Each structure stands twice: as structure tokens, then as C-alpha cells.
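One structure is given below, encoded as C-alpha cells.
The values are calculated or read from the model by the stated rules, or taken from the named source; none is laboratory data. Every value quoted in this text rests on a predicted model; they were computed, and no experiment measured them. We place every Cβ from the backbone using ideal geometry, glycine too, and count neighbours over all the protein chains shown. Ligands, DNA and RNA are stripped out before the accessible areas are found, and what is left, the full protein with its side chains, is counted by its heavy atoms. Shrake-Rupley method; radii C 1.70, N 1.55, O 1.52, S 1.80 Å.
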Amino acid sequence: MTTILKASPRDDLKGSATRQLRKDGYVPAVLYGNKIESQPVAVEGVDLLKTVREVGKNGLFSLDVSGKSKHQVMINDLQIDPLKNEYLHIDFFEVDMSSEIDAAVPVRLTGDAPGEKEGGIVSHLMYEINVKCLPSDIPEEISVDISGLTIGDSIQVADIRSTVPVEVTSDDEETIVTVQPPAAEVEPEGTEAEAKEPEVIGETEQKETEE
């Protein structure tokens, strides 16, 4: 069953109207696509949250604009207030189900790296991998197994390319995850200089005595 999110047209685009919209529990948005004109809309914040949780970041769903038109869309951009953790603005992109599109797919690490048990530090460097495929084929996530990594090992895009069912457009050389060695103990600064200092002073005193 296709997920449906209801939207309403947005006529007043002034800043004051947009702020009031957010106060009323709505999220300002824009609907656009290659075959339609850009249209400002608004959706209820609670319904939007439910939709995002249900379909995921790259999921497809139907945007129903006032019951007059329905558009098969995906979220192209989502702005969030980092302090209030609230949605500020969202871009809905109408997709052509018969044409390939570019998408960023989240990376999820699975398993436990033996190197971590040896004191190493698992460093997750790449959180999204770029792919190109039909909208209906976009993976919800890409799992990367780290259970074979010891200290100094890493996994690059080239290592997982064959396991992804769609075309990966990220560069092969990009590192997804690595296990770094534990931080080396650093000798406190000044120790060596302090050890030599008495010798220098002694030499100075001896020269003064000889004079």
C-alpha cells in the first residue's frame, strides 16, 4: 500500500506567514520535478514525521495536494532546526519511475571488528554512498560488515561495490571505515630539556671559576 502524505498550497510566502505556519504545526515545503512547475506547499509536521519514519529518507510516497493532484515523490532536501529538532523546510521531488536518478544511501556498519577488542578505534568515515538507479530500486541502506577488520585494516567503496544491487557512483578509493591503532603514549613536554638544564648550569659555573 502506497504511503500518502496530504499537502495544501501555500499562497502567502512572506516570512511572517511562514513563521505562523510553523507555530500552527505545519512545515513549509516546495514540490517540483522535471515535468511540473515548482509549487509552494505545506504539510502537517506530525504527518511528515510519520511518513519519514515509515518510508525512510529515500523512500517513495504519494503527495496529495488538496485532493486535486497526486504526485509520486521522494524527499530531496530536509532542513532541521538543530536546537529544537524540528523540521524547518522540505523539498519534495516528483520522480519519473521510468528514469534513473542519483541518490545518497545511508551506510550501516554491522558486526564487531576484532581490532577494536585489541584496543583499536573503529572510525566510520563515510556515512552515505552515492548510487544511480530507478527510483523503485533505491536501497533503504547499505550494510558494511566490519567483522573481519583488525588494527590498520579498512574498507573502501571498491570492496563493497559488488555487494550493492545497483550502480554505485562513489569513487572506489573512498574509505568507508577503518580501524585505527590506539593512541601512542606521548612523553610529557619539557622532560628532556629539564634533564639537561643542570649540566648547562654546571658548565657555566665552572667557566666562571676558571676565570
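Some values worked out for this structure:
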{"quantity": "Hits among lysines - C-alpha to C-alpha of Lys68 under 29 Å, sequence gap 8 or more where chains match", "calculated": "Lys6, Lys14, Lys23, Lys35, Lys50, Lys57"}
{"quantity": "Simple label model, 7 Å out from Cα along Cβ direction - Ser147 to Thr2, nm", "calculated": "4.0"}
{"quantity": "Charge dipole (debye, nearest 20) of the stretch 50-157; +1 at Cβ of Lys and Arg, -1 at Cβ of Asp and Glu", "calculated": "320"}
{"quantity": "Nearest-20 debye value, the chain charge dipole, Cβ charges on Lys, Arg, Asp, Glu", "calculated": "2580"}
{"quantity": "Projected label distance in nm at Val122 and Asp64, using a 7 Å step from Cα toward the beta-carbon", "calculated": "4.2"}
{"quantity": "Tilt relative to the chain, helix 191-210 - C-alpha long axis, 0 to 90 degrees, to 10", "calculated": "30"}
{"quantity": "Accessible area expressed per residue, the chain, with surrounding protein chains retained (probe 1.4 Å, Å²)", "calculated": "65"}
{"quantity": "Top of Glu94, Glu140, Glu86 by mean-square fluctuation, Gaussian network on the chain, Cα under 10 Å", "calculated": "Glu86"}
{"quantity": "Choice from Leu134, Leu78, Leu31 showing the highest fluctuation, given a GNM over the chain with Cα pairs closer than 10 Å", "calculated": "Leu78"}
{"quantity": "Percent of beta bridges antiparallel (DSSP, the chain, rounded to nearest 5)", "calculated": "75"}
{"quantity": "Candidates Pro139, Pro106, Pro114, ranked by Gaussian network fluctuation over the chain, Cα under 10 Å, top entry", "calculated": "Pro114"}
{"quantity": "Mean residue ellipticity (222 nm) of the chain, computed from DSSP H runs ≥ 4 via -39,500 (n - 2.57), nearest 500", "calculated": "-6500 deg cm²/dmol"}
{"quantity": "Carbon and sulfur %, accessible surface of the chain computed with the full protein complex present, 1.4 Å", "calculated": "47"}
{"quantity": "Spatial separation of Cα centroids for the stretch 33-60 and the stretch 87-120, in angstrom", "calculated": "18"}
{"quantity": "Normalised contact order of the chain, rounded percent, pairs of Cα under 8 Å and 6 or more residues apart", "calculated": "16"}
